[in-house]
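Everything below concerns the one structure shown next.
The values are calculated or read from the model by the stated rules, or taken from the named source; none is laboratory data. This is a predicted model, so every value here is computed, not measured. Every residue, glycine among them, receives a Cβ derived from its backbone with ideal geometry; neighbour counts consider all protein chains shown. Keep in mind that these areas ignore ligands, DNA and RNA; they rest on the heavy atoms of the full protein, side chains included. Shrake-Rupley method; radii C 1.70, N 1.55, O 1.52, S 1.80 Å.
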Amino acid sequence: MENLLQIHNITKVFGEGTINEKVAIDNLSLTLKDGDFVTVIGNNGAGKSTLMNSIAGSFPLDKGQIIIGGEDVTRLPEYKRAKYIGRVFQDPLKGTAFDMTIEENLAIAAAKCKSRGLQRGISKAEKKEFREKLAVLNMGLEDKMTQKVKLLSGGQRQALTLFMALIAEPKLLLLDEHTAALDPATAKKVLELTDEFAKRDGMCTLMITHNMHDALKYGNRTILMQNGKIMMDIKGSERTDMTVEKLIARFSIDNDRMLL
Ligand SMILES: Nc1ncnc2c1ncn2[C@@H]1O[C@H](COP(=O)(O)OP(=O)(O)OP(=O)(O)O)[C@@H](O)[C@H]1O
Ligand SMILES: [Mg+2]
């Protein structure tokens with residue numbers, strides 16, 4: 001097994017030298033193997049989103065190194081890492097061009113992978129391919145190809161965003177509470193699609209969730225973040241045997257220790 005993602009001792013401080021100074025990521029290291037599906041849990045402000053933004057290259061780091069697929073990307077700007085990375089955010093309004101049609105959005109996503117412009121427009125063959133692929137989502141989107149994305153529901157839009165993130169065949173999929181804004185039934189559907197796609201394509205997946213049950217149900221490893229550090233890294237047989245109750249019990253012991 002190769003290590004797709006290597007994070008070595010990264011630190012990210014916001015507002016350094018001001019009264020708002022915050023060490024959002026504190027000397028954190030993490031290695032993901034090919035095919036790892038890691039769920040990320042932790043309190044508000046623990047640094048989960050900042051970890052993902054660090055991987056995506058949204059800002060320069062204060063310290064440390066990030067290697068994706070053997071390439072040191074630490075100093076690469078966000079757009080230059082984008083070929084490796086697919087992202088889905090909590091907000092269903094992010095991630096798609098909402099005033100464009102479904103097929104136009106899909107064409108943009110596909111263009112990212114083929115690294116060619118959009119001047120050519122969308123070919124008949126591509127339309128057919130998109131229709132077939134969308135049908136897999138089982139949400140009727142294949143019959144709405146020329147509808148603008150802003151007319152879709154939040155769940156339909158998240159499914160589409162996930163799908164678009166995958167079209168470009170990323171090596172790494174970053175999901176930041178991507179089902180948090182959805183109703184429980186739709187959230188479940190989008191999570192199941194996520195799981196199915198992760199298994200099918202075998203990319204590395206990092207998924208932030210506040211739902212402990214989902215954190216243990218999906219993926220093969222769970223990390224718990226607190227104060228910009230990884231406090232727990234649960235994998236292997238420990239992960240298989242983990243329950244929500246045990247996790248909460250361990251979490252509160254650690255929490256108490258932190259407060260003392
Ligand atoms: N751009 C920013 N500027 C200043 N501070 C920031 C910025 N982004 C994050 N922070 C701070 O860094 C800390 C970690 O934030 P982060 O968004 O990573 O938390 P999180 O674990 O994703 O929380 P949540 O569960 O609420 O989404 C917080 O204290 C936050 O206020
Ligand atoms: Mg967050």
- Query: GNM on the chain, C-alpha springs below 10 Å: top fluctuator among 125, 97, 111?
  - Reply: 125
- Message: Counting only protein heavy atoms and a 1.4 Å probe, tell me what percentage of the chain's accessible area is made up of carbon and sulfur.
- Response: 52 percent
- Task: Enter the accessible area per residue of the range 190-254 (Å², integer; probe 1.4 Å; all protein chains in place).
- Result: 45 Å²
- Any lysines with Cα under 29 Å of the residue 12 Cα? List them, leaving off those in the same chain fewer than 8 positions away. 22, 33, 48, 63, 80, 83, 94, 112, 171, 229, 235
- Message: If packing is taken as the average number of other Cβ atoms within 10 Å across a peptide's residues, how do 18-26, 150-158 rank, most packed first?
- Response: 150-158, 18-26
- Quick one: grab Rg to one decimal and Dmax as a whole number for the chain, Cα atoms only, in Å. 19.0, 65
- Karplus 3J(HN,Hα) series, Hz, for the range 165-182 with 6.51 cos²θ - 1.76 cosθ + 1.60 (x for Gly, Pro): 4, 8, 4, 7, 6, x, 7, 9, 10, 10, 10, 9, 6, 6, 10, 5, 8, 9
- Query: Summing +1 for each Lys or Arg and -1 for each Asp or Glu, what net charge is found among the other residues whose Cβ lies under 9 Å from the Cβ of residue 220?
  - Reply: +2
- Local electrostatic count, residue 95, Cβ distance below 11 Å [Lys/Arg +1, Asp/Glu -1]: +1
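Per DSSP H run of n ≥ 4, the term is -39500 (n - 2.57); total these for the chain, divide by its residue number, and report the mean residue ellipticity at 222 nm rounded to 500 deg cm²/dmol.
On the way: 9 runs with 98 residues, N = 260.
Taking each H run of at least 4 residues, the total per residue is -11500 deg cm²/dmol.
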